[in-house]
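J.: Attaching a single structure in structure tokens format; questions to follow.
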Amino acid sequence: MKKIVVLHLLCLLFVGCASVKRSLVKKIDTQIKSDQYNNQFTGFLVIDPESKDTIYNINSIKYFTPASNTKIFTLFASLNLLADSIPTLKYIVGNDTLYVQGTGDPSVLHPYFKDSTALHFMDQYENITLFPNNFNDEKFGPGWSWDDYHWYYSPERSGFPLYGNILTITNTETLEVRPKYFKDSIVFLDYPVNRELEKNVFYFNPSKRDTVEIPFRVDYSLIKNLLEKSLQKKIHLTQKFPDGQQQILYGTPSDSVYKRMMEVSDNFLAEQLLILGSSTLSDSLNGQKARQYVLDNYLSDLRQPPRWVDGSGLSRYNLFTPESMVHVLHRMYNEIPRERLFLFFPTGGISDTTKDWYPGSPDPYIYAKSGSLGNNHCLSGYLLTKSGKTLIFSFMNNHFMESSSEIKRRMQGIFENIRDNY
């Protein structure tokens, strides 16, 4: 008799859950299939990783421009290729000389990390020789907008970054320039661009009481000069790195770089993380090598292999499906402790890129990476329901003609519906 009662209760529970799901799907359908979505391309996939149930699915196997959702794949690649600390230098000591080559570490003297591990190490040696020819990639990614070169979000990629490859000018009570090397390269003038296209001549309006970040052009002559300025000693260049067993010097904790990349959607960090990843595969620094290695060795089971051309998502050539995003998010959810994983993802209503949207009631319920380019907005990550479930989702909107705020408003309504009713 007890077994019959239990079975009856289980049946009622199952029917009730199925009914709740049907009602939820119907509500989402009503919103996504409304006239408001007619003039855009939308893909949305939500799964329950515990029950392996698909809660909602529309166009999840179609390809979308992901914008900065690409950084989710970069995070996954970094977690699989890099150690707990960032490899900051490869080096060999021979004949009283320290031979060094860069790994692509973005944190060296970076305005946020201010890491000087590499410089403290190099300062121990009187004779230092730098090998400059291991960077085998383009300074800009394919499909990047050429006229973004002077904006803070588009620094050049390089094999031995310093200061985040950014000139920082702060004009509050006094004028501060970092690195000071460029102090005489600033023209104090209100000008349409922040820097000349082909050279390190910068423009700054002296009436501004502000901090301005301007990418500088990178070459190994400049890197040599910046290192000499910091170390106060001569740096030599060599065209051949000596044979022998290379040592690796480690610096900044890797998780702090991942968190910063995701939290403020830092394009430079994303690009350099893939270059760092390639440094673990060979001596040649090339982000494409890292991307292909990850696709071949860690993500060969993707049902829709992406077109993945950069680390940041600046390129409109990138193409990913919502299903691929959810696949990678699911992999990380299974492989990384939740407390650590959620620290990487911006928190709805709190973090920089999502602080104006998806607030908790009262606790946060969205941990997700946003991605925006003109006429495109995507959000992918984790959603916590009031019933205690953790769901994984990817919501992609391409080619809309409305303001992105209107897109986010509708997305927020759908997320809240799922949070409250599943």
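J.: Identify, from the list Ile61, Ile86, Ile128, the residue that is touching a helix residue (DSSP H, G or I) at 6+ places or on another chain (Cβ under 6 Å) and either without any contact (Cβ under 8 Å) to a residue 24 or more places away in the chain or surrounded by fewer than 16 Cβ atoms within 10 Å (Cβ to Cβ) (or both).
T.: Values: Ile86 fails: either without any contact (Cβ under 8 Å) to a residue 24 or more places away in the chain or surrounded by fewer than 16 Cβ atoms within 10 Å (Cβ to Cβ) (or both); Ile128 fails: either without any contact (Cβ under 8 Å) to a residue 24 or more places away in the chain or surrounded by fewer than 16 Cβ atoms within 10 Å (Cβ to Cβ) (or both).
Only one candidate passes the filter, namely Ile61.
A quick yes/no check of all residues on (1) in the same structural domain as Gly141 (by TED's automatic domain parsing); (2) more than 21 Å from the chain's Cα centre (by Cα); (3) modelled with pLDDT under 95:
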site	(1), (2), (3)
Ala18	no, yes, yes
Lys33	no, yes, yes
Phe41	no, yes, no
Glu50	no, yes, no
Tyr56	no, yes, no
Ser60	no, yes, no
Ser85	yes, no, no
Asn95	yes, yes, yes
Tyr99	yes, yes, no
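J.: Before we move on, is Leu167 at pLDDT 95 or above, outside any loop (DSSP other than H, G, I, E, B), closer than 18 Å to Ser221 by Cβ and of a type outside the set (Gly, Ala, Ser)? Let's see the steps before the verdict.
T.: Numbers: at pLDDT 95 or above: yes; outside any loop (DSSP other than H, G, I, E, B): yes; closer than 18 Å to Ser221 by Cβ: yes; of a type outside the set (Gly, Ala, Ser): yes.
Spelling it out, Leu167 is indeed at pLDDT 95 or above, outside any loop (DSSP other than H, G, I, E, B), closer than 18 Å to Ser221 by Cβ and of a type outside the set (Gly, Ala, Ser).
J.: How many of the residues making up the range 288-304 are touching a Lys or Arg at 6+ places or on another chain (Cβ under 9 Å) and either among the hydrophobic types (A, V, I, L, M, F, W, C) or in the same structural domain as Gly141 (by TED's automatic domain parsing) (or both)? Lay out the reasoning, then the answer.
T.: Of the residues in the range 288-304, the ones touching a Lys or Arg at 6+ places or on another chain (Cβ under 9 Å) are 298-299, 304.
With the extra rule that they be either among the hydrophobic types (A, V, I, L, M, F, W, C) or in the same structural domain as Gly141 (by TED's automatic domain parsing) (or both), the set shrinks to 299.
Looking only at that region, the number is 1.
J.: Sort out which residues of the range 225-243 are buried (at least 18 other Cβ atoms within 10 Å of the Cβ) and either in a helix (DSSP H, G or I) or of a type in the set (Lys, Arg) (or both), and write them in order of number.
T.: Hits for the range 225-243 are Leu226, Leu227, Ser230.
J.: Moving on to the next point. Can you give me the ranges of the strands (runs of 3 or more DSSP E) entirely in the range 40-100 with at least 3 residues that are within 14 Å of Ser380 (Cβ to Cβ)?
T.: Details: elements: 41-48, 53-58, 85-94.
Of the strands (runs of 3 or more DSSP E) lying wholly inside the range 40-100, those with at least 3 residues that are within 14 Å of Ser380 (Cβ to Cβ) span 41-48.
J.: Sticking with this structure for a sec: Anything in the range 305-336 that is within 16 Å of Ser372 (Cβ to Cβ) and either in the same structural domain as Pro155 (by TED's automatic domain parsing) or assigned to a helix (DSSP H, G or I) (or both)? List them, or say none. Explain how you work it out, then say what you get.
T.: Taking the range 305-336 first, the residues within 16 Å of Ser372 (Cβ to Cβ) are 310, 312-316, 318, 320, 325.
Correct list: Met325 only.
J.: Also, I was wondering about something else. Of these, Lys408, Lys389, Lys369, which one is crowded, with 19+ Cβ neighbours inside 10 Å, touching an Asp or Glu at 6+ places or on another chain (Cβ under 9 Å) and touching a residue at least 12 places away in the same chain (Cβ under 8 Å)? Show your work before the answer.
T.: On the way: Lys389 fails: crowded, with 19+ Cβ neighbours inside 10 Å; Lys369 fails: touching an Asp or Glu at 6+ places or on another chain (Cβ under 9 Å).
Result of the check over Lys408, Lys389, Lys369: Lys408.
The values are calculated or read from the model by the stated rules, or taken from the named source; none is laboratory data. Quick caveat, the model's predicted, so the values are computed rather than measured. Methodologically, a virtual Cβ is constructed for each residue, glycine included, from the backbone with ideal geometry; neighbour enumeration extends over all protein chains shown.
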